[in-house]
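Enquirer: After the structure tokens below, expect a handful of questions from me.
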Amino acid sequence: MPAEPLRVVCGNPNCKAGLLIKNAETLTNAKCPRCGYINPLPPAPAPVVAANNADATMLFGRMAVPSQPLQSNTLGWLIVKDELTDTQTFTLQLGANTIGRQSARRPATHVIVTRDEYMSRPHCTIEVRMGKLGPEYILQDGALIDGIWKNSLNGTYLNGNEPRLSQYD
């Protein structure tokens, strides 16, 4: 049975064309027909590897891919690469996608299996909205917990750059 087509937005900031990739499982990148930009495609999913995780977050300052089927409402991917665990890939859906360290007490939309205790249980939120040219992604530190916004203890950085994100950045 063939896989569902993959929808991506061209990574060229001057283009942002919507691309429909029909054979994504056999490709590593896709050339935009509008501007010629080579867009890297996410890797194929792999099984999740479990890890022992404490529920406490240490103050300071980050897997294997969950077996999530590709759904038609998938609007992007979060790919986590960390020296402490295997690579993990998560699908992003329309609306708020909460990312956090594995915990039974405070589950997140996307639970990252890691031994890194500097990552908070509700660490950050990626909000996916539909814009005129396709999906838009808003990264915020923290998450909405029981109706109250709570920032992570160690902050969220975009591409490792300072300053750390604040609410609504």
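Enquirer: Mind checking which residues of region 87-109 are under 28 Å from residue 19 (Cβ atoms) and modelled with pLDDT under 85? Show your work before the answer.
Expert: Of region 87-109, the ones under 28 Å from residue 19 (Cβ atoms) are 87-99, 109.
Result: 109, single match.
Enquirer: Can you name the strands (runs of 3 or more DSSP E) wholly within region 1-42 that have at least 1 residues being within 13 Å of residue 133 (Cα to Cα)? Before the answer, list the steps.
Expert: Working: elements: 6-9, 18-21, 29-31, 38-40.
In region 1-42, 6-9, 18-21 are the strands (runs of 3 or more DSSP E) which contain 1 or more residues that are within 13 Å of residue 133 (Cα to Cα).
Enquirer: Right, something else. Would you say residue 7 is at pLDDT 50 or above, in contact with a Cys (Cβ under 9 Å, 6 or more places away or on another chain) and not aliphatic (A, V, I, L, M)?
Expert: No.
Enquirer: Can you tell me which of 69, 45 is surrounded by 13 or more Cβ atoms within 10 Å (Cβ to Cβ) and at pLDDT below 80?
Expert: 45
Enquirer: Output the residue which, of all residues in region 85-101 that are aliphatic (A, V, I, L, M) and surrounded by fewer than 23 Cβ atoms within 10 Å (Cβ to Cβ), is nearest to residue 136 (Cα to Cα).
Expert: So the residue we want is 94.
Enquirer: Looking at region 113-142, which of the residues that are over 30 Å from residue 15 (Cβ atoms) and touching a Phe, Trp or Tyr at 6+ places or on another chain (Cβ under 8 Å) is surrounded by the most Cβ atoms within 10 Å (Cβ to Cβ)?
Expert: Selected residue: 142.
Enquirer: Limited to region 134-153, what total is found for residues that are more than 18 Å from the chain's Cα centre (by Cα) and in a loop (DSSP other than H, G, I, E, B)?
Expert: 3
The values are calculated or read from the model by the stated rules, or taken from the named source; none is laboratory data. All values derive from a computational prediction rather than experimental measurement. Neighbour counts run over all protein chains shown; Cβ positions are idealised from the backbone, glycine included.
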